[in-house]
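Worksheet: one structure, shown below.
The values are calculated or read from the model by the stated rules, or taken from the named source; none is laboratory data. Being a predicted model, the structure only gives us computed values, none of them experimental. Backbone-built Cβ (ideal geometry, glycine too); neighbour counts: all protein chains shown.
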Amino acid sequence: MPSIFISYRISDSADITGRIYERLAGHFGQETLFRDVQSILLGIDFQDYINSTLQDCQVMVAVVGSQWLTAVDADGDRRLDRPDAWVRLEIATALNRDIPVIPLLVGNAWLPKAEDPPDGAKHRYRDRHLRPHLPEPDPTR
């Protein structure tokens, strides 16, 4: 089972999360990583697989883009406030299982204030976070 779980909001940071996945895979090996689109085969129950993977992982990398906190659904409600929001569920599960959560801020993102995330997904990491230093994409590749 993967030991590094990558959590991200597709609408906010899917592209850079793919690059982060590639860099981590090059360093730690692809078999040690979980990212939904790379790890879950068609026909597999999404929620069960995520829960199982979170049970066995050793660390979560939470990719936080500029709209991670403010993204809204079709009704204009903040997605992170929805009890069924994947990002919220993933982080809450990791925190409840005492899995370290490392926020990785991308683009113009800022670390959410302690009161910003809803209950269950409140971060315990205070001001501890990382920013990736990735080379620009090579258009010839």
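In the set (1) surrounded by 19 or more Cβ atoms within 10 Å (Cβ to Cβ); (2) touching a helix residue (DSSP H, G or I) at 6+ places or on another chain (Cβ under 6 Å), Val61 fails one condition alone, (2).
Filter segment 25-38 down to the residues that are buried (at least 17 other Cβ atoms within 10 Å of the Cβ) and touching a Ser or Thr at 6+ places or on another chain (Cβ under 8 Å) and list them by number. Leu33, Phe34, Arg35, listed by residue number.
I'd like to know if segment 23-38 contains one or more residues that are touching a residue at least 24 places away in the same chain (Cβ under 8 Å), over 12 Å from the mean Cα position of the chain (by Cα) and more than 13 Å from Ser3 (Cβ to Cβ). Checked segment 23-38: at least one residue is touching a residue at least 24 places away in the same chain (Cβ under 8 Å), over 12 Å from the mean Cα position of the chain (by Cα) and more than 13 Å from Ser3 (Cβ to Cβ).
If you go through segment 38-47 one residue at a time, do you hit one that is β-branched (Val, Ile, Thr) and outside any loop (DSSP other than H, G, I, E, B)? Looking through segment 38-47, none of the residues is β-branched (Val, Ile, Thr) and outside any loop (DSSP other than H, G, I, E, B).
Suppose we keep only residues that are at pLDDT 85 or above and in contact with a His (Cβ under 9 Å, 6 or more places away or on another chain) within segment 70-113. Which one would you say is farthest from Ile4 (Cα to Cα)? If we take residues in segment 70-113 being at pLDDT 85 or above and in contact with a His (Cβ under 9 Å, 6 or more places away or on another chain), then Leu105 is farthest from Ile4 (Cα to Cα).
Would you check if Asp116 is under 21 Å from Ser11 (Cβ atoms), in a loop (DSSP other than H, G, I, E, B) and either of a type outside the set (S, T, N, Q) or modelled with pLDDT under 85 (or both)? Yes, satisfied.
Screening Tyr49 on (1) free of Cβ contacts under 8 Å to residues at least 24 places away in the same chain; (2) under 26 Å from Gly107 (Cβ atoms) shows it passes everything except condition (2). The numbered conditions (1) surrounded by 14 or more Cβ atoms within 10 Å (Cβ to Cβ); (2) not in a helix (DSSP H, G or I) are all true for Leu54 except (2).
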